[in-house]
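Participant: Quick one: the structure is below, questions incoming.
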Amino acid sequence: MLIRIDAESSRPLFEQVASSVRVDILAGRLVPGDRLPSAREVAEALDINLHTVLRAYQQLRDEKLVDLRRGRGAVVSASAAPLAEIASEVTELVRRAGARGISPATLAALVSEIES
């Protein structure tokens, strides 16, 4: 697993770390039961603050994508499986929207509105 961040991005680092894990789940590179690297390992590898990684892991926990267990670390949860299952459907929706001139930002806003 390779967590990527862009120090030049305006997005907060914790969001970038969480997004990188989400992408790996969507792509099937991470499956339920897989253990994520320790927060300390990620922080050292990316040269960022440990609390930044912990905040990303906590966000993933709040989204029910990761279980945080003392002594075991962060593990991809069973509830992450549906995310990977619908990835192809989401990809197709984004492709169809793009073909109709609908931007990803507009599509995301629409999804956000439906959720509310």
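Participant: How many nm separate the modelled label positions at Ala109 and Asp62, each set 7 Å beyond the Cα in the direction of the Cβ?
Facilitator: 2.4 nm
Participant: Where does helix 50-62 land angle-wise versus the long Cα axis of the chain, in degrees 0 to 90, nearest 10?
Facilitator: With rounding to tens, the tilt is 50 degrees.
Participant: Same structure again: With no solvent and one point on each alpha carbon, what is the Debye value of log10 I(q)/I(0) for the chain at q = 0.10, 0.21, 0.23 Å⁻¹?
Facilitator: The Debye formula, applied to the Cα set alone, gives -0.34, -1.20, -1.31.
Participant: What is the order of Asp47, Asp34, fewest Cβ neighbours within 10 Å to most?
Facilitator: Details: Asp47 8, Asp34 15.
The most exposed by this proxy come first: Asp47, Asp34.
Participant: Going by how many other beta carbons lie within 10 Å of each one, how would you line up Asp67, Asp6, fewest first?
Facilitator: Values: Asp67 18, Asp6 9.
In order of increasing Cβ crowding within 10 Å: Asp6, Asp67.
We did not get these values from a lab; they are worked out from the coordinates using the rules stated. Source: prediction; values computed, not measured. No Cβ is skipped: glycine too gets one built from the backbone with ideal geometry, and neighbour counts run over all protein chains shown.
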